[in-house]
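Please treat every number below as a calculation from the coordinates, not as lab data. Bear in mind that the values here come from a model prediction, so they are computed numbers and not experimental data. A quick note on method: Cβ atoms are made from the backbone with ideal geometry, for glycine too, and the neighbour counts reach across all protein chains shown.
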Amino acid sequence: MDGQMIGSFVKNAREAVAIQLTTFNGHRLCDVRVVIPNADGDSTPTKKGVTLKPSALPDLIKLLEEAHAAALQAGWCQSDGT
């Protein structure tokens, strides 16, 4: 599997979420995965995550935007993400 790292963000004190475009057995995929640091300090992927066809990304983005709007409305977060 090869990949193009898109980016990551901190999930908590020990974990981050990384997004990567990959290919596996000739299939192009988007991998959204929880990563943890290994002994060398590099990120190691865990089993926690999801791998999607790129064609599913617009639906995922739409649902994430709806979840963000609902969280804002419920007062669970602020527009700046805090």
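Of note:
- Longest site-free stretch - the chain; sites: trypsin sites (Lys or Arg not before Pro), DSSP loop, at most 15 other Cβ within 10 Å: 15-82
- Taking the longest Cα principal axis of the chain as reference, the axis of helix 57-73 is set at about 30 degrees.
- Scanning residues 5 or more positions from Lys48 or on other chains, those with amide H under 5 Å from its amide H are Val34, with H placed 1.01 Å from N in the peptide plane.
- The aspartates and glutamates within cross-link reach of Lys48, meaning a Cα-to-Cα straight distance under 18 Å and a gap of 8 or more places when in the same chain, are Glu15, Asp31.
- Straight-line cross-link reach from Lys62 at under 17 Å between alpha-carbon atoms covers these lysines, not counting any fewer than eight positions away in the same chain: Lys53.
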